[in-house]
Structures are given as C-alpha cells and as structure tokens.
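Asks: Before I ask anything, here is the structure I am working with.
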Amino acid sequence: MTGRKEFLSRLSDLGRAASTRTVFLHQAIAQQVGLNATDTKAIDLILRGPPEGVTAGWLSEQTGLTSGAVTHILDRLERRDFIERVRDTADRRRVFVRARLENLAPLGPLYDAIGKAYGALAKRYTDKELAVICDYMERAAAVSERQIAQLRKKSQPAAL
C-alpha cells in the first residue's frame, strides 16, 4: 500500500518530468516552423492578450524578459510575418503587436494534434476526477505565479 509520503514524492517526480517534457515538446513544435519555444509562447501571449493587441512593455511584464529580449523576439516574429506592429491611432508613440493569424496556419495542425492527444487522455477520467485535476492545476499555476513574482522581486536592484 502506498502512503501519503510516497504519493507526494511521486507527484513531485512526475511534476518535474512533465515540466521537462513540456519544455521539450514546445521546443520541438517551434522548431517545425523555424522558431524557438520562447517565440511560440510569446505568440500565445499575444493571442491571449487584449483584443487591440499587446505592447512590448506588456510582453516584458508577462514574461519577465528585458525590453531588449522582447524586442529581439518581436523582430524575429515580424521577419517571419507571424506578427505585425501597428501604431495606436490615438497615441502614435504607442505600438501594438498583433498576431497575423493567416500566417500562423503551419502551427495549427501541430497544436491540434497535441490537443487531441491530451483530450483523449482526459476522456479516461470521470467528471469528479477531472474536477480534482483542474483544481490541482489551477492551484499549481497560482503557486507558479507567486514563485515568479518572488524571483522577479529578488532580481530587482535595490533602490538607492
């Protein structure tokens, strides 16, 4: 019989393994279209962002990357026509970044296949089990957000 200590240890090990596999899965997908995982995750953030588009500053806040790193990502994505930069009509100093949906088509089948595979896996569970899994994942995401915030706070230079 497996006890709580063993379950918690197994959960920790499986979480680490799943995290590593997920990173490599996203990298493998990105490489299919000549990008890297950070690029495709930036696209995902842009797609999930405000409808008018996102700004480079917003992306920097969301990712924790420097403005310079975000600029390099956006330059790569723009060169590949995955995004466009559009000046705000109300404030010409502000530039929105928008995904060019028509050019994201090569990514669609890759993500659809993964979605179907995970969907098939989820069908194995009852609604009650799925509720527990969703609760765990929501709480785990919140833990990740808090850890990110703490790490970013520690990396901030002290005010003079």
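Asks: Taking the Cα centre of the chain as origin and charging only Cβ (+1 Lys, Arg; -1 Asp, Glu), how large is the dipole, in debye to the nearest 20? All intermediate terms of the calculation are to be shown ahead of the outcome.
Replies: Numbers: 26 positive and 19 negative charges, 85 e Å.
In total the dipole reaches around 400 debye.
Asks: Can you list the trypsin sites (Lys or Arg not before Pro) in segment 1-105 that are in a DSSP coil and have 11 or fewer other beta carbons within 10 angstrom?
Replies: Those satisfying the criteria are 92, 93.
Asks: Which value does Rg/Rh take for the chain over its C-alpha atoms, Rh per Kirkwood?
Replies: 1.03
Asks: Follow-up. Can you show me the helix-derived [θ] at 222 nm for the chain, built from DSSP H runs with n ≥ 4 at -39,500 (n - 2.57) apiece and divided by the number of residues, rounded to the nearest 500.
Replies: Only helices count here, giving -22500 deg cm²/dmol.
Asks: If you average the sequence gap of Cα pairs under 8 Å that are 6 or more apart and divide by the length of the chain, what percent do you get for the contact order?
Replies: 15
Asks: If r is the Cβ-Cβ distance from residue 31 to residue 86 and R0 is 25 Å, what FRET efficiency results, to the nearest 0.05? Walk me through the numbers on the way to the answer.
Replies: Numbers: r = 28 Å, r/R0 = 1.13.
Calculated transfer efficiency: 0.30.
Asks: With everything on Cα atoms, drop me the angle between helix 127-155 and the longest principal axis of the chain, reported from 0 to 90° to the nearest 10.
Replies: It is inclined by approximately 50 degrees.
Asks: Still on this structure: Output the 0 to 90 degree angle, nearest 10, between the alpha-carbon long axis of helix 37-48 and the longest principal axis computed from the alpha carbons of the chain.
Replies: For 37-48 against the chain, the angle is about 80 degrees.
Asks: Based on the mean of other beta carbon atoms within 10 Å per residue, what is the order of 63-72, 119-128, most packed first?
Replies: Highest-to-lowest ranking by the protection proxy: 63-72, 119-128.
Asks: State to the nearest 20 debye the size of the charge dipole of segment 18-102 about its Cα centre, where the only charges are +1 on K and R beta carbons and -1 on D and E beta carbons.
Replies: Dipole of segment 18-102, to the nearest 20 debye: 60 debye.
Asks: In addition: On C-alpha positions alone, give me the angle between the axis of helix 4-32 and the longest principal axis of the chain, in degrees, nearest 10.
Replies: Here the helix axis deviates by roughly 30 degrees.
Asks: Continuing with this model, one more query. Determine the equivalent ellipsoid of segment 18-102 by diagonalising the alpha-carbon gyration tensor, then write out the semi-axes as square roots of 5 times the eigenvalues, largest first, rounded to whole Å.
Replies: Numbers: eigenvalues 112, 37, 25 Å².
Result for segment 18-102: semi-axes of 24, 14, 11 Å.
Throughout, read-outs are computed from the coordinates displayed, never taken from laboratory work. Since this is a predicted model, take the numbers as computed values, not measurements. Neighbour counts are summed over all protein chains in view; Cβ atoms, including those assigned to glycine, are modelled from backbone coordinates with ideal geometry.
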